[in-house]
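Single-structure report; data block below.
Taken together, the values in this text are just the output of simple stated rules run on the coordinates, not laboratory data. Bear in mind the structure is a predicted one, so any value in this text is a computation, not a measurement. Positions of Cβ are backbone-derived with ideal geometry, glycine not excepted, and every protein chain shown enters the neighbour counts.
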Amino acid sequence: MTDKLSTINQPHDFYQNQDDDEIDLRQILGILLDSKWLIGTVLATSVLLGLAKALLSSPIYMADAMLQIEESSQPLGALEPMEALLGTGQIPVEAEIEIVKSRRVLGEVVKNLDLEIIAEPKYFPVFGKSIARNFKLRNKNKISAPLFGYLENAWGGELIKIETFNVPFSFIGEKLTLISGKKGLFKLFDENQQLIFEGKVGEQVTKKSNDEEGEFNLFVSLLKARPGTAFTLIRKPYLDVIDDINEKLSVAEKGKLTGILDLTLESESPLLAMKVLNEIVNTYVQMNVEQKSAEAQNTLEFLDKQLPMIKNQLEAATTALNEYRLQKGSVDLNIETQGVLQGVVEKRTQITLLQQKRDELRRGFTSAHPTVVAIDKQINRLEVQMGADNKKITELPETQQVILRLSRDVQVNSELYTTLLNHLQTIKVAKAGTVGDVRVIDHAVLPKLPVRPKKVLIVAVSLILGLVLGLMLALVRKAMSRGVEDPDIIEKQLNIPVYATVPHSDIQKKLSKGGNDDEVFSVLAVEDTDDMAIESLRSLRTTLHFAFLEAKNNIIMITGPSPGIGKSFISTNLAFVLANTGKKILLIDGDLRKGYINKALGLKRENGLSDLISNNISIEEAIRTIETTEGNIDFIPTGDFPPNPSELLLHERFDRLLEALSDQYDQIIIDSPPVLAVTDACIVGRLASVTLMVVKAGVHPLRELEQSVKRLKQNDVNIKGVVFNDLSASASAYGYGGYVYQYSYQNK
């Protein structure tokens, strides 16, 4: 039959024995209470970071302005028929928004305000800018003294104003450093701290570049700083500045179909935000007016070219008609012929005007544009009608046909000339009174309060995030913990009884701090006999009494899976608890590699077990006697750490030594090394009738305990039971109350 231990493959299998389908709210609450320090630390860290963010972040100011996009209109009602010809149709608001954010508008703003020039003091990293800002608010027109000995950094009150700053092409975007000097002098350095030139405030400085790609041109109009203060100067690329403005600029229509545009711009400087936004508004309005004026100008130029041509055609047609009449004499047209002539003149005039309109539109649109296509259809329809009239003309006598044709040319050219001349005068009036489709409702004003950072919101969010993160970390840490925390798991999965559960002792924790001092006597069973941990060892003492009824000898070996789990604590205090019943007890520190029980007892390590097995000393020389309230305890320390502990314990002298000592004592307790670290425990365990494995709560995965038990059994070591040590009095520990409630009657 397969051993039950071999069926335990995963360390989390023991959780399957619990009701996984149920959510134990008490356990979750207990986990959170156990992790209160972790949650508190994460929460405090998050809040501190939030406060730092709120206090150190530069305030951001927002300026706002408002525009109205109006429907296109003419100053005179008589101009409305020319709207299509002038191209003054309504432009969608979305298109206007894109125009506002275009390079054409923003680029003009950048040039007008010299936004490509960046000049600012060099602050101390992280919090230097915040210190300088607060100093400026408290001390007007003063310059702060340098802090922490950093003379190069600005600490408040520094100011620089640059009117002109041009650099060679290769230096565009490069951070140059200007160092202020005495009496208005300064020095300019490149990124490699190489001196470019020296200058003085109020004087133009020009220097040619070594690579002949241009020249440096700098004019500093104002420099207010301590000598040695550094300023950063950058000539940013033109497109980068436009992109920066675009990121900070917001343009949106207020409501639907209102034609009202709301413009906002954010900046660290409230004055700069106002100036830039007003320049954007003014530039956009000016360009809108210029565009309308340019459209009228284009139409005027077109008409100026057409009028002389039509005038010449009119004069030629009039001369031809007069000459023909002189040649043939006076010829009168009947009423029907005059009607045909009038129709032909009207249609020819319309066709000519439409063709001129089409030529004007083709300067801005393709032949597939809907307006151009519509005009083509009108022309085709009129030409069809003209064909019918021409058919009627061919039926007239030859003399009337000639008179009709010449009269038609005269009237058509006369009407065209008169119409275009009227249009020319009308457009001149329209151009003189051109107004844009955009008007400013509100200009930007200087913002008083910053819009960011919202300090209260930042702290509140950091508080919530810290709390959520702390709770998550507590739950994740618990979920990732693979250590066994419930003694019942060991009994059910390993088939080994738990002889005792030893609760965590705060007093022992204090005593262990002095454990490295050879002069300190720190045994919990002596310092505090009423401690709950000692009471649980008394329970273990009772259990061991029955375990020894069929034992082959009176030797107890105490081991564990790994170091640092309290083996020596259990061994030492169990010895004192057993001695208090009047029994004669021998405690042996069998950890010949790292044993330190002698320190807790305030004794020397020399002349101990290793020397005794090596036959260098006698038993009497190795044994130290410790007096207790009820009796005495004999103790054998490790002696000098040997180079070969395992070989020494395998020697037959060790077997004979334990046989001899077994007859002299009621019980012998041997503290051995961890079973998974070395083989010493397996060697000593074969000679003991009772082996106790110490397990520390929440430390060992089940697989580790499985391997420890397996290794001991493979070496014929009789594992009687497990001592579950350092069980925390946590709110989440399952069964804790069931294991220690019997000690709650202790009255400290």
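Of note:
- Couplings 3J(HN,Hα) of region 544-561, computed from phi: 5, 4, 7, 5, 8, 5, 10, 7, 7, 8, 10, 9, 10, 9, 10, 9, x, x Hz, in residue order, whole Hz [Karplus 6.51 cos²θ - 1.76 cosθ + 1.60, θ = phi - 60°; x for Gly and Pro].
- For the set K292/K448; K509/K584; K208/K236; K136/K200; K136/K254; K248/K455, the pairs lying more than 31 angstrom apart at their alpha carbons are K292/K448; K136/K254.
- Neighbourhood charge, 14 Å Cβ-Cβ cut-off, centred on A697 and excluding it, Lys, Arg +1 and Asp, Glu -1: -3
- Neighbour net charge for G50 - beta-carbon separation under 13 angstrom, K R +1, D E -1: +3
- Across region 73-264, Cα-Cα pairs farther apart than 21 Å form 64% of the total.
- Mean Cα-pair separation over length for region 73-264, i.e. relative contact order, pairs under 8 Å, 6 or more apart, %: 24 percent
- With Cα atoms defining each centre, region 704-723 and region 124-200 are spaced 73 Å apart in the structure.
- Expressed to the nearest 5 percent, the antiparallel share of DSSP beta bridges inside region 73-264 is 95 percent.
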